[in-house]
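Encoded as structure tokens, the structure appears first; notes follow it.
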Amino acid sequence: MGSDANRTFELKAFLDRSGWGEARLSWLGQDASTRRYGRLAKADGTTALLMDAPLVEDDPCTPTMSAEERLAGGWNKQSRLAASRVEAFAAIGGWLRDHGFSAPAIYAGDSSLGLAIIEDFGTLKEFARLIEKGADEVTLYTAAASALADLHALETPRQLHALGRDWPILDFDDLALNVNASLFANWFPAQDTRMRMTDQDRIRWERELAELLDRARDFPRELTLRDYHAENLIWLPEREGRARIGLLDFQDAVIGWDAWDMAMLVQDARREVSPAAYSAAIKTYLDRTGKSEADFLERLSIIGTLNALRIVWIFSRLIVRDHKPRYLDFLPRQKLLLARNLEHPAAAGMAAFVRDTAPFIFEEAK
């Protein structure tokens, strides 16, 4: 029996013992990972989602793992610090629900198989889809920023439990930050030969990157969901307060920074956020948290720069190494976001480096 046949058998057995064996299963679009989702519909109209996250990825990082072990252990241990695990989704989602947020309820789960049946928030309710249909962007982004402020007001959890397993919430540390951003200098010049990268340039790159990492190290820490953007936020206006924002794709949560999730929200890699929505989100967050605007915008610039460098090199590698030219369509937006973040005085050193080695990034952003 082949592996596909084995998985089909495991799925059927799981659905049967969970009370969903007679439901109609319709697979949804492939998730950008090893996960996939399907919508389950019973004859009486009850629906749920099936999360299929087979245990095919490398294991995640553990709290006691050394830097050497992480570097030898692959991406999940080095930088992601997680993996597609249903127990992570269940544990973090449970904590979020306990604190008034709308994360999908778990109806059934089996961590040994990587399977779960979860609450269905409905179709075409993602912020991105609603805005495409004419929904008010400012209203949605204001609500998302308000919920983010509520999240950051809470004490950060360090270890959670679900489906019979513990799940640690790890620090997004220097190693993870460095691995995320450092490969920009390897892959972007290979993708766009207009960028100059001599031996002296590389030394300068390492110095400027180290300066950004030093700044990030001193920033206050918050629980960071990591994928807080318009494709993963669901509008539930029938609920109240923070619960109006349905949350998805939070299983990789870490101890990071307030500016990371805000950068994901207002510096979206997938869509242009209007100036009005950008400003409203920032103002709402600052009003609700009482944080200093100057300090927060500095953090947003530094974390936003590091995040843009990360995404540029990932797209460049997909184009060069993996021969996926469609990612050429996504690069202009990432270069624009990088240029915008580098305008802040806190990023002056890296901005000067990019102006000298890749001036077209700023020229094309005009």
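The values are calculated or read from the model by the stated rules, or taken from the named source; none is laboratory data. Model, not experiment: these values are computed from the prediction. Here Cβ is always computed from backbone atoms with ideal geometry, including for glycine, and neighbour counts include all displayed protein chains. The protein model used for the area step is the full one, side chains on, heavy atoms only, and it has no ligands, DNA or RNA in it. Shrake-Rupley method; radii C 1.70, N 1.55, O 1.52, S 1.80 Å.
Asp227 satisfies every condition listed in (1) in contact (Cβ under 8 Å) with a residue 24 or more places away in the chain; (2) open to solvent by 50 Å² or more (accessible area, probe 1.4 Å) except (2).
The lone criterion from (1) part of a loop (DSSP other than H, G, I, E, B); (2) out of contact with any strand residue (DSSP E or B) (no Cβ under 9 Å at 6 or more places or on another chain); (3) open to solvent by 40 Å² or more (accessible area, probe 1.4 Å) left unmet by Leu154 is number (2). Candidates in the stretch 196-212 are the residues that are among the aliphatic types (A, V, I, L, M) and in contact (Cβ under 8 Å) with a residue 40 or more places away in the chain; of these, the one that is farthest from Leu297 (Cα to Cα) is Met197. Among the residues of the stretch 18-36, those that are over 26 Å from the mean Cα position of the chain (by Cα), part of a loop (DSSP other than H, G, I, E, B) and of a type outside the set (Gly, Ala, Ser) comprise Trp20, Glu22. Exactly one condition in (1) modelled with pLDDT under 95; (2) surrounded by 12 or more Cβ atoms within 10 Å (Cβ to Cβ); (3) closer than 26 Å to Leu175 by Cα is not met by Ala72; state its number. Single failed check for Ala72: (2). Within the stretch 239-266, if we keep just the residues that are charged (D, E, K, R) and more than 14 Å from Phe89 (Cβ to Cβ), the residue that is modelled with the lowest pLDDT turns out to be Asp258. Against the list (1) touching a helix residue (DSSP H, G or I) at 6+ places or on another chain (Cβ under 6 Å); (2) at pLDDT 90 or above, the condition Phe330 fails is (2).
Within the stretch 239-293, the set of residues being within 24 Å of Leu338 (Cα to Cα) and of a type in the set (Phe, Trp, Tyr) comprises Trp257, Trp260, Tyr278, Tyr285. Just to be sure, is Ala358 open to solvent by less than 30 Å² (accessible area, probe 1.4 Å) and under 20 Å from Asn178 (Cα atoms)? Criteria not met by Ala358.
Among the residues of the stretch 252-271, which ones are acidic (Asp, Glu) and closer than 16 Å to Arg310 by Cα? Within the stretch 252-271, Asp261, Asp268 qualify. Report yes if some residue within the stretch 259-281 is under 27 Å from Arg158 (Cα atoms), touching a helix residue (DSSP H, G or I) at 6+ places or on another chain (Cβ under 8 Å) and surrounded by fewer than 17 Cβ atoms within 10 Å (Cβ to Cβ); otherwise report no. Within the stretch 259-281, none of the residues are under 27 Å from Arg158 (Cα atoms), touching a helix residue (DSSP H, G or I) at 6+ places or on another chain (Cβ under 8 Å) and surrounded by fewer than 17 Cβ atoms within 10 Å (Cβ to Cβ). Set side by side, the residues Leu154, Leu213 differ, and just one is out of contact with any His (no Cβ under 7 Å at 6 or more places or on another chain) and among the aliphatic types (A, V, I, L, M), which is Leu213.
Here is a yes/no grid of residues against (1) assigned to a helix (DSSP H, G or I); (2) under 15 Å from the mean Cα position of the chain (by Cα); (3) in contact (Cβ under 8 Å) with a residue 40 or more places away in the chain:
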residue	(1), (2), (3)
Ala294	yes, no, no
Glu298	yes, no, yes
Ile303	yes, yes, yes
Asn307	yes, yes, yes
Ile311	yes, yes, yes
His323	no, no, no
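For Asn186, the conditions (1) open to solvent by 50 Å² or more (accessible area, probe 1.4 Å); (2) closer than 27 Å to Arg288 by Cα; (3) in contact (Cβ under 8 Å) with a residue 24 or more places away in the chain; (4) not hydroxyl-bearing (Ser, Thr, Tyr) are fulfilled apart from (2).
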